[in-house]
Amino acid sequence: MRKLFQLFLLVVLAAGGYGAYVVLTPVGPSSPVLVTIAPGTPTLGIGRQLEQKGLIRSRWALEAMHLARGGALKAGVYRFDHPAPLTEVYRRLRLGDVYTVSVTIPEGSNIFDIARKLAEKKLATEQGFLTVAEHDTQLVSDLDPQAPSLEGYLFPDTYKFSPGVSPEQIAAAMVAQFRAEAAKLGLDKVASLPASADQTTPSLHEIVTLASLVERETPIPSERPLVASVFYNRLAQQMPLMTDPSVIYAALLKNHYRGAIYESDLKSDSPYNTYTHAGLPPGPVCNPGVASLRAAMHPAQTNYLYFVAASADPSGHSRFSATLAQHDKNVQAYRRAVRQAQRR
């Protein structure tokens, strides 16, 4: 009887030692491994995937730990890049510590810039994202029934996406961030104004479109309300806006932008060509940030009708004027600054 007890004790100790080995001894890859856990996968199914990848020693050990500790194991893409004990693997599954790819969309990016960024990060193909950005306007139809695309509503920010995310999900996340920022600015109230509201109040569509032009004209936040005032003053006097970013965008839409503006671009019949068409272009030409949206909502009160943009001026600031004569002087000063910069 004593020998039987000793044998039983040895078996228990051996089992306990093996269990401790399975649970506590690190195991895993020497190079990164991605594992996708589909929604609804049972614990044993998760364990099978991890066991097959060499990330845990036993699917049954994972099942036992789940029975002992409880809690839901979350679906998603997980990245394992070092040997780890089962306890750490289980903790990550419980927390939903999924792998994400970070992508930063700078202010003033257009849909073509965003598509390239996403392709570089291998989150989407350029054409796949562009198809969504150009056609899925139902995402913003309540905000802007006139929107020709999602341009202007893909808010510039840093996003984290899991591999395998769809272009639709990416666009939806960016639009959701725009909605959040718009609510902070009070733009959501503009979107809710009835059609019979005061016609002198710009619509959300007009504000975002004008903000996109402001965004591309100057990188200096303090100048943006001044640039916005120029555009509003020109619109009030029914003067063409004559803004280069819209001409560039017209060329981009036709896939023949050549890195500079040519005379043929200035004579283009595109409705985005603000040299040949009065008023605002049909929609935004990029995705503006908060400062430009705020400037379009609250422009400076000036009599300026002209400016030389900071983005082109080596002096690093824009040159504003109320008369064509003063604007001509500013243009000459700009050209001198360019020549001096070229001599350096």
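The values are calculated or read from the model by the stated rules, or taken from the named source; none is laboratory data. This one's a predicted model, so the numbers in the text were calculated from it and none came from an experiment. Virtual Cβ from ideal backbone geometry, glycine too; neighbours counted across all protein chains shown.
Listed by first and then second residue, the pairs with beta-carbon distance under 7 Å, at least 6 apart or on different chains, first residue in the stretch 37-55 and over 18 Å from V27 (Cβ atoms), second charged (D, E, K, R) and in a helix (DSSP H, G or I), are T43/E63; L44/R59; L44/E63. Within the set T36, T104, the sole residue that is closer than 25 Å to F155 by Cα, in contact with a helix residue (DSSP H, G or I) (Cβ under 9 Å, 6 or more places away or on another chain) and surrounded by fewer than 19 Cβ atoms within 10 Å (Cβ to Cβ) turns out to be T104. Here the condition is being over 30 Å from P288 (Cβ atoms) and crowded, with 18+ Cβ neighbours inside 10 Å; of L44, L95, L50, it holds for L50 alone.
Take the stretch 89-121 and flag every residue that is in a loop (DSSP other than H, G, I, E, B) and modelled with pLDDT of 95 or more. Across the stretch 89-121, the qualifying residues are I105, P106, E107, G108, S109, N110, K121.
Looking only at the stretch 56-112, residues that are in contact with a Gly (Cβ under 7 Å, 6 or more places away or on another chain), in contact (Cβ under 8 Å) with a residue 40 or more places away in the chain and among the acidic types (D, E) come to 1 in all.
State yes or no: is N273 surrounded by 19 or more Cβ atoms within 10 Å (Cβ to Cβ), touching a residue at least 24 places away in the same chain (Cβ under 8 Å) and either under 26 Å from H327 (Cα atoms) or not aliphatic (A, V, I, L, M) (or both)? Criteria met by N273. Taken together, the residues in the stretch 221-259 that are touching a Gly at 6+ places or on another chain (Cβ under 8 Å) and among the β-branched types (V, I, T) amount to 0.
Where helices (runs of 4 or more DSSP H) sit wholly within the stretch 1-88, those with at least 1 residues that are at pLDDT below 85 and either closer than 26 Å to V165 by Cα or not assigned by TED's automatic domain parsing to the domain that holds V165 (or both) occupy 2-24. Residues that are among the β-branched types (V, I, T) and closer than 15 Å to G283 by Cα within the stretch 214-268 comprise V214, T243, V247, I248, listed in sequence order.
In the stretch 220-227, the count of residues that are without any contact (Cβ under 8 Å) to a residue 24 or more places away in the chain, in a loop (DSSP other than H, G, I, E, B) and over 30 Å from V77 (Cα atoms) is zero. The residues listed here are M239, M297; of these, the one that is among the hydrophobic types (A, V, I, L, M, F, W, C) and more than 28 Å from the chain's Cα centre (by Cα) is M239. Would you check which residues across the stretch 130-169 are out of contact with any strand residue (DSSP E or B) (no Cβ under 9 Å at 6 or more places or on another chain) and outside any loop (DSSP other than H, G, I, E, B) and list them? Those that are out of contact with any strand residue (DSSP E or B) (no Cβ under 9 Å at 6 or more places or on another chain) and outside any loop (DSSP other than H, G, I, E, B): L130, T131, V132, A133, E134, H135, T137, Q138, L139, P167, E168.
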